[in-house]
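First comes the structure, then the notes that go with it.
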Amino acid sequence: MKLPIDNLGYPVKLQIGEFSGSGFIINQVNQLYLVTAKHVIYQQDQITKVFNLLDKKMIMITYPMISSEKVSSKPRIFELNLELLSASADLKAHEQADIVVIKLGELQKKNEIFYIDFPASIKTIQESEGTIINYDMKGSRRFEQVQITNDIFILGYPVSLSTPEMKQIDYNSPLVRKGIIAGKNYLNKSLILDCPIYGGNSGGLVLEMNETGIGSGNIHLIGVVVQFVPFLDQWRNVKFPQLYNTNLQNSGYSVALPVDYIFDLIGEIESN
């Protein structure tokens, strides 16, 4: 079982200040939106609990599709002015859930070539041939439609892995992980994945393969990667039990938020 080559172009790399995360672009009725985790671009003040932008601007790196079998090796790079996007109500963060949606513009076609009509708040830093790959939301599956034990793929930029000196991975190329839907948390409407994630994966997309797993029509966007599930390792002092040390380790399970939240935020953006 493998993903079609164009699916590997779905994830985009986001750089904001000193931080880096993942995201992906979706198509809802020819309107394109960037989706990522809220903590990728916001930081919560520990005293006021208010979420503040990590920086005024963010870099988005995408790899366009040249043909049905080839993704461009040269990225197209954009600069997003988050302050302007927020002021124009084109950036919307969910109040409770760890998810953000940013309206990029309308997908248009001229002389058989697709292009995006970007607002002034989004500037092109580097051009590249090909079409920006976007996921058509008509193929997505909501929380209630997701089936436990189905195979899934996670796509993103886990930049916390290895070190640049070891030259093991290209930090500007996405990596793929494979797992399954381990469970569904109905209390907070989230998906539990038997698939490890690491720093940089946050905001990446989760694709589900249905029972047959044959053909692109059986690949469905189901969610956004937001966090790993920790394994609690706790050591207590024998003589003083009230003293203990706690370590959180990656359990190999992770949490994703379903596409339901994406549709909610798109509705809020368009209503404004």
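Any residue that is in a loop (DSSP other than H, G, I, E, B), aliphatic (A, V, I, L, M) and either under 18 Å from Val226 (Cβ atoms) or open to solvent by 90 Å² or more (accessible area, probe 1.4 Å) (or both) - is there at least one of those in the stretch 140-155? Within the stretch 140-155, one or more residues are in a loop (DSSP other than H, G, I, E, B), aliphatic (A, V, I, L, M) and either under 18 Å from Val226 (Cβ atoms) or open to solvent by 90 Å² or more (accessible area, probe 1.4 Å) (or both). On inspection, Gly223 qualifies as small (Gly, Ala, Ser), in contact with a Pro (Cβ under 9 Å, 6 or more places away or on another chain) and assigned to a strand (DSSP E or B). Scanning the stretch 58-101 for residues that are touching a helix residue (DSSP H, G or I) at 6+ places or on another chain (Cβ under 6 Å) and part of a strand (DSSP E or B) returns Met58, Met65, Val71, Leu91, Lys92, Ala93, Val100, Val101. Scanning the stretch 1-19 for residues that are open to solvent by less than 40 Å² (accessible area, probe 1.4 Å) and modelled with pLDDT of 90 or more yields Tyr10, Pro11, Val12, Lys13, Leu14, Ile16. For the stretch 226-272, the set of residues classified as within 16 Å of the chain's Cα centre (by Cα) and assigned to a helix (DSSP H, G or I) consists of Asp260, Tyr261, Ile262, Phe263, Leu265, Ile266, listed by residue number. Residues in the stretch 25-50 that are open to solvent by 80 Å² or more (accessible area, probe 1.4 Å) and charged (D, E, K, R): Lys49 only.
Taking the stated definitions as given, is Phe114 within 22 Å of Gly204 (Cβ to Cβ), open to solvent by 80 Å² or more (accessible area, probe 1.4 Å), of a type in the set (A, V, I, L, M, F, W, C) and in contact (Cβ under 8 Å) with a residue 12 or more places away in the chain? When the stated conditions are applied, Phe114 does not pass them.
Touching a residue at least 24 places away in the same chain (Cβ under 8 Å), out of contact with any Leu (no Cβ under 7 Å at 6 or more places or on another chain) and surrounded by fewer than 20 Cβ atoms within 10 Å (Cβ to Cβ), is that true of Gln227? Yes: the conditions hold for Gln227. Of the residues making up the stretch 123-144, just one is free of Cβ contacts under 8 Å to residues at least 60 places away in the same chain and within 22 Å of Cys195 (Cβ to Cβ), namely Glu144.
The values are calculated or read from the model by the stated rules, or taken from the named source; none is laboratory data. Values in this document were obtained by computation on a predicted structure and should not be read as measured data. Note that each Cβ is placed from the backbone with ideal geometry, even for glycine, and that neighbours are counted across all protein chains shown. SASA here: full protein model, heavy atoms, side chains in, ligands and nucleic acids out. Shrake-Rupley method; radii C 1.70, N 1.55, O 1.52, S 1.80 Å.
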